[in-house]
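Structure first, commentary second.
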Amino acid sequence: MSRRSLTLLKNLARNSNASCIQTRSVTYMPRPGDGSPRAVTLIPGDGIGPLVTNAVEQVMEAMHAPIYFEKYDVQGEMSRVPAEVMESIRKNKVCLKGGLKTPVGGGVSSLNVQLRKELDLFASLVNCFNLPGLPTRHENVDIVVIRENTEGEYAGLEHEVVPGVVESLKVITKFCSERIAKYAFEYAYLNNRKKVTAVHKANIMKLADGLFLESCREVAKKYPGITYNEIIVDNCCMQLVAKPEQFDVMVTPNLYGNLVANTAAGIAGGTGVMPGGNVGADHAVFEQGASAGNVGKDSIVRKNKANPVALLLSSAMMLRHLQFPSFADRLETAVKKVISEGKCRTKDLGGQSTTQEVVDAVIAKLE
């Protein structure tokens, strides 16, 4: 037998033996006790909230995920978040919530904003990306919008100077600007992201947005491996709808981030599929990433056709935050398989499925 033939046979035998060896990558090495069930505060919220949070409850039960929910009934028209709910979140440190309706006008403050301010959830994160099998106008979209959550126009500092004249204050501080910039760059560094873009309007708001940019520039110097650039918010919106694939991680003040995140969500497949969360030093609240239509129309609730995908993916983010990565991977994989197959989709994704039908399909795909 020739030397070349002998070499080929040896390689074939080696490959055959290797194929018989089953390997599983080590994704997480737990400390003793890490598998103990964790309590999570659950706020179903208004409108479609109870439908989509119930979807999460069903999937978590089907996976036997090591969490249990402490459920509280909260409506957006309440004057404040009840004390027992805040106590539960502070104790558990993690909350999952549906949308809370914010009354328009009338001086009633947003409970969503109250939660973020009282728990100091200074960073809002929304991940807008293309889902395989879901056709959109643009491809290769994978944008993370990180916005400052505690100040700016959303601080709610308003008063009537004289009848018919209202003054609304925009407050920007160096402390909060540096904090959100550090979070954005740290997120990019830890998640192998290559670029951070600061969104601003410093050409007009030279002091406020100028301070925000100054803080971002100072932090960027500490991360030389990450590309840093800046873009004016109006040009940013135009670039998003024209060429969204140019963006990676975006860091923004409060108001701009809300607008940019919803725009990016619409480009990548709609608000019904985009996950998100709010995080601070001690607490985290996970919810549907983009707020447009977050509560939903009454007809959607009556027909049980709310899209649960966004909150399911947000709950996967929550599982990873709780250091249960295997459960997060299983959930994300199942959701993506259902979307990719295209047999079971709610109306906003071009189908006619009910919320429960999507939930059943996701459970069937769990491995």
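The values are calculated or read from the model by the stated rules, or taken from the named source; none is laboratory data. All of these numbers come straight from a predicted model, not from anything done at the bench. Virtual Cβ from ideal backbone geometry, glycine too; neighbours counted across all protein chains shown. When the accessible area is computed, the model is the full protein with side chains, heavy atoms only, and any ligands, DNA or RNA have been set aside. Shrake-Rupley method; radii C 1.70, N 1.55, O 1.52, S 1.80 Å.
Specify the residue that is modelled with the highest pLDDT; the eligible residues are those in the range 289-299 that are assigned to a loop (DSSP other than H, G, I, E, B) and more than 14 Å from the chain's Cα centre (by Cα). Reasoning before the result, please.
Kept after step one, since they are assigned to a loop (DSSP other than H, G, I, E, B), are these residues of the range 289-299: 289-297.
Remaining after also requiring more than 14 Å from the chain's Cα centre (by Cα): 293, 295-297.
Numbers: Gly293: 51, Val295: 63, Gly296: 65, Lys297: 70.
This residue is Lys297.
Take Lys305 and decide whether it is modelled with pLDDT of 95 or more, farther than 16 Å from Met60 by Cβ and charged (D, E, K, R).
So Lys305 does not fit the description; no.
Name the residues in the range 60-98 that are under 19 Å from the mean Cα position of the chain (by Cα) and surrounded by fewer than 23 Cβ atoms within 10 Å (Cβ to Cβ), would you?
Answer for the range 60-98, where residues must be under 19 Å from the mean Cα position of the chain (by Cα) and surrounded by fewer than 23 Cβ atoms within 10 Å (Cβ to Cβ): Met60, Lys93, Val94.
Looking only at the range 300-344, count every residue that is in a loop (DSSP other than H, G, I, E, B) and touching a residue at least 24 places away in the same chain (Cβ under 8 Å) and tell me the total.
Residues in the range 300-344 being in a loop (DSSP other than H, G, I, E, B) and touching a residue at least 24 places away in the same chain (Cβ under 8 Å): 9 in total.
Tally the residues that are crowded, with 22+ Cβ neighbours inside 10 Å, within 20 Å of Met86 (Cα to Cα) and in contact with a Leu (Cβ under 9 Å, 6 or more places away or on another chain), restricting the search to the range 122-165.
2
Only residues that are more than 27 Å from Asn130 (Cβ to Cβ) and either over 24 Å from the mean Cα position of the chain (by Cα) or of a type in the set (S, T, N, Q) (or both): list them for the range 214-250, please.
The answer is Glu214, Ser215, Arg217, Glu218, Lys221, Lys222, Pro224.
Restricting attention to the range 198-229, report how many residues are in contact (Cβ under 8 Å) with a residue 40 or more places away in the chain, in contact with a strand residue (DSSP E or B) (Cβ under 7 Å, 6 or more places away or on another chain) and assigned to a helix (DSSP H, G or I).
2
For Cys176, are the conditions met, namely being under 23 Å from the mean Cα position of the chain (by Cα) and in a strand (DSSP E or B)?
For Cys176, the condition - under 23 Å from the mean Cα position of the chain (by Cα) and in a strand (DSSP E or B) - is not met.
Would you check if there is a residue in the range 342-365 being in contact with a Leu (Cβ under 6 Å, 6 or more places away or on another chain), open to solvent by less than 20 Å² (accessible area, probe 1.4 Å) and among the aliphatic types (A, V, I, L, M)?
From the range 342-365, those in contact with a Leu (Cβ under 6 Å, 6 or more places away or on another chain) are 355; that's our starting set.
Next, only the ones that are open to solvent by less than 20 Å² (accessible area, probe 1.4 Å) stay: 355.
So of that shortlist, the ones also among the aliphatic types (A, V, I, L, M) come out as none.
No, there is no match, as no residue in the range 342-365 is in contact with a Leu (Cβ under 6 Å, 6 or more places away or on another chain), open to solvent by less than 20 Å² (accessible area, probe 1.4 Å) and among the aliphatic types (A, V, I, L, M).
State which residue pairs qualify: first residue closer than 16 Å to Ser124 by Cα and inside the range 182-197, second residue modelled with pLDDT of 95 or more and in a helix (DSSP H, G or I) in any location, beta carbons under 6 Å apart, and separation of 6 or more residues or different chains.
Matching pairs, first to second residue: Lys182/Val219; Phe185/Val219; Val196/Ala184; Val196/Phe185; Val196/Ala188.
How about the range 266-291: which of its residues are open to solvent by less than 10 Å² (accessible area, probe 1.4 Å), of a type outside the set (A, V, I, L, M) and touching a Lys or Arg at 6+ places or on another chain (Cβ under 8 Å)?
Asn278
Looking at (1) touching a helix residue (DSSP H, G or I) at 6+ places or on another chain (Cβ under 6 Å); (2) assigned to a helix (DSSP H, G or I), which is the only condition Phe286 fails?
Going through (1) touching a helix residue (DSSP H, G or I) at 6+ places or on another chain (Cβ under 6 Å); (2) assigned to a helix (DSSP H, G or I) one by one, Phe286 breaks only (2).
State the number of residues belonging to the range 34-51 that are part of a helix (DSSP H, G or I) and at pLDDT 95 or above. It would help to see each step written out before you state the result.
Step one: filter the range 34-51 for residues part of a helix (DSSP H, G or I), giving 49-51.
Add one more test, that the residue is at pLDDT 95 or above, and what stays is none.
Counting residues in the range 34-51 that are part of a helix (DSSP H, G or I) and at pLDDT 95 or above gives 0.
Tally the residues that are open to solvent by less than 10 Å² (accessible area, probe 1.4 Å) and of a type in the set (Val, Ile, Thr), restricting the search to the range 296-337.
Count: 2.
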